[in-house]
Amino acid sequence: MIRPSICLLLALATGLAHASEQVVTLVQGSPPTKVPISFLSAADWEEQGYVRVRVQVDNANGQTCISPTATHGFDNLFFDNKLDVAITARVVGFSNVDSSRDIPIAVYNWNGTNYCKSAFQPAIVLVPYTPLRSTQDPGALVGEQPGIVVSVKSLAQSKQQLTTYAQVALALSSDLATGGAATTVAGLTKYGTAPGLKSLLDALSTNSVTEQTLPIRLLWTDIVTGLPSVSVILKRAETRRYTAPGDYIPRRERVDEAIARIRSDSSQGDELLTMTFNFEVRRSVLVDRGQLDPHSMLPKPNTTETQVDNVLNFPKKGVSDAIAGLTVNQLLNAASPSSLAQTTSQANRSSGCSKLFNDLKAAFAVKVDVPVLFDAALQSVQRDWNQQPNFYTPCLKPEIKAGIETYQGQSYFPNMVVQRETELALNQGAVWNNYYEEYLEDFKDALLSSDRGADKFKALIPDGTVLPEWPKSLPTPNPAPTSGSQFFADLAPVKVGCIFGFVDTRGKYTIAMTMVTRNEKGNNHPYILVVRPGSGAGGPSTLHAPIEWMAVRDLDETKNIGYAGLLLQSTFDDHSICGNPSGKPRSAEDLLASLRS
């Protein structure tokens, strides 16, 4: 649910001392029912898609003009017949959006009789499609959570000049606009490409009086679990006479009492305007939902949309407002030297690839579209880059390598040499031995191998080993695995590490290793492989012991939280996938969140 807000409300009251007074105020509407989003969850949403925010301003009865006259003829709705009244919104906490400006969502001009909108359009794009990610924002209302600040302002600017600016701003920001985020108001304020709009915003900041403000505090968890919209209503009511408890003489309701009545009872007051802020979430901006792989939820390779030329020329005019009005090619070549140019040189390839990744990351969701974009960009430099170890070895970060292999398939880097880097906990006890480490390191190498198959695991899982239960949160392979070797060949993890040992509840020493795999929604999901070595002869040659028991457990299931606690008790190198470079205390959920990232 949306957190309740304490609103700064100003009553606009005029009239005779003993007559009814008009009260106009902003109130937040009731939140609608959530509509679940299949590929997102409250636990795993960052970088997993995009959100766009649009606002629709509707007048009561669908009229574009509002009569300022109260029901009993007392005075005016707005502010002493000011020439212009602007309703603005400031969005905070969204990636790639300037949160320092109040954006006009409707401007009303006084014509001597009514206040009328100076421009009308279906909806205004406040936030173009931007990656789902928490953002450090100095203007945030609460922490790294998003928010919207709605204000009603009156302006002293001449009507003709302000109306001209408003026409430009509102027309550009409507759904009719094309060509990228720079054509939305939020984009224009950030990239400064519209002098007329700048004049309007300057007028709002220097020649306006803020009459009312309503902050809407949001939670990312609400948006990603299907909150479709929030609404703000401008209401009008009149003070009334009543007899307070214990009094005998009726008195006129105070303005603050009238405001409290309007806010506490939705049936009170007349609705003048409704501003509906819609949150639209999608998985990819490169392709539509139907062109996503149903398991990885990434764009399918080898389609028209994911061809190199089409990816680099995204977005085409009128197709999307995902990035700042630039094509991917323009974005990557905006600086000199460009990140693409640097990747052509062996000496600069590592830094060039890092810059390429960061440039793409700034505008796109890393876990969805960046692997597609990164691969296309490097194909434009060297078509067979994935076949050339000298090219990709200094270029691939583990995060982007895993993403590209999920997108293109595990065999995309056929000549990849898996670097053996221990993930062993640093605080193992005396029971631990080198055989355990060697066995789990071999297991890790097999799981991450680009040509992973059942044969890779035959030496690690002897015949007769009881087949682990397939995790319910993973897509079931077809056909289902019938051997331990095939079981692990089908797992396809994107990260493996955090090797450690512990004494289980039966008093038996058990060795374990963490795996991160794409679940049925296409999101990273942490699991743990646990192996109980037996005694006596037999078993895998590197383990020097038979396998008494083996299982794969879902770390997100409450019943398995104890394993996360055991991971917390172990100390790992900062470079481990369970590492804690910050050194700050963390909970089991903090650790699991870092594994999902």
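The values are calculated or read from the model by the stated rules, or taken from the named source; none is laboratory data. Only a predicted model underlies this, so the values are computations on that prediction, with no experimental measurement involved. Cβ placement follows ideal geometry from the backbone for every residue including glycine, while neighbour counts extend to all protein chains displayed. Keep in mind that these areas ignore ligands, DNA and RNA; they rest on the heavy atoms of the full protein, side chains included. Shrake-Rupley method; radii C 1.70, N 1.55, O 1.52, S 1.80 Å.
Observations on the structure shown:
- Single match in Pro371, Pro394 (criterion: closer than 30 Å to Pro299 by Cβ and touching a Gly at 6+ places or on another chain (Cβ under 6 Å)): Pro371
Okay, residues lined up against (1) open to solvent by less than 20 Å² (accessible area, probe 1.4 Å); (2) out of contact with any Phe, Trp or Tyr (no Cβ under 6 Å at 6 or more places or on another chain); (3) closer than 21 Å to Arg133 by Cα; (4) acidic (Asp, Glu):
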{"position": "Val530", "(1), (2), (3), (4)": "yes, yes, no, no"}
{"position": "Glu557", "(1), (2), (3), (4)": "no, yes, no, yes"}
{"position": "Ile561", "(1), (2), (3), (4)": "no, yes, no, no"}
{"position": "Gly583", "(1), (2), (3), (4)": "no, yes, no, no"}
{"position": "Arg586", "(1), (2), (3), (4)": "no, yes, yes, no"}
{"position": "Ala593", "(1), (2), (3), (4)": "no, yes, yes, no"}
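- Within segment 206-235, the residues that satisfy the criterion of being crowded, with 19+ Cβ neighbours inside 10 Å, modelled with pLDDT of 90 or more and among the aliphatic types (A, V, I, L, M) are Ile216, Leu218, Ile223, Val224, Leu227, Val230, Val232.
- Condition met for Ala512 (small (Gly, Ala, Ser) and open to solvent by less than 10 Å² (accessible area, probe 1.4 Å)): yes
- Pick from segment 398-442, criterion small (Gly, Ala, Ser) and not in a loop (DSSP other than H, G, I, E, B), ranking: modelled with the lowest pLDDT: Ala402
- Residues of segment 367-393 satisfying the condition of being within 15 Å of the chain's Cα centre (by Cα) and open to solvent by 10 Å² or more (accessible area, probe 1.4 Å): Lys367
- Residue pairs whose Cβ atoms lie under 9 Å apart, sitting 6 or more positions apart in sequence or on different chains, and linking a residue in segment 363-392 that is on the phi > 0 side of the Ramachandran plot to a partner that is assigned to a helix (DSSP H, G or I) and open to solvent by 10 Å² or more (accessible area, probe 1.4 Å), do not occur here.
- Looking only at segment 116-132, residues that are surrounded by 19 or more Cβ atoms within 10 Å (Cβ to Cβ) and at pLDDT 70 or above come to 9 in all.
- The residues of segment 252-267 that are basic (Lys, Arg) and touching a strand residue (DSSP E or B) at 6+ places or on another chain (Cβ under 7 Å), listed by number, are Arg252, Arg263.
- Residues that are open to solvent by less than 10 Å² (accessible area, probe 1.4 Å) and among the aliphatic types (A, V, I, L, M) within segment 332-362 comprise Leu332, Leu356, Leu360, listed in sequence order.
- Just one of the listed residues (Thr514, Thr476) is under 33 Å from the mean Cα position of the chain (by Cα), at pLDDT below 80, within 20 Å of Asp556 (Cα to Cα) and not hydrophobic (A, V, I, L, M, F, W, C), and it is Thr476.
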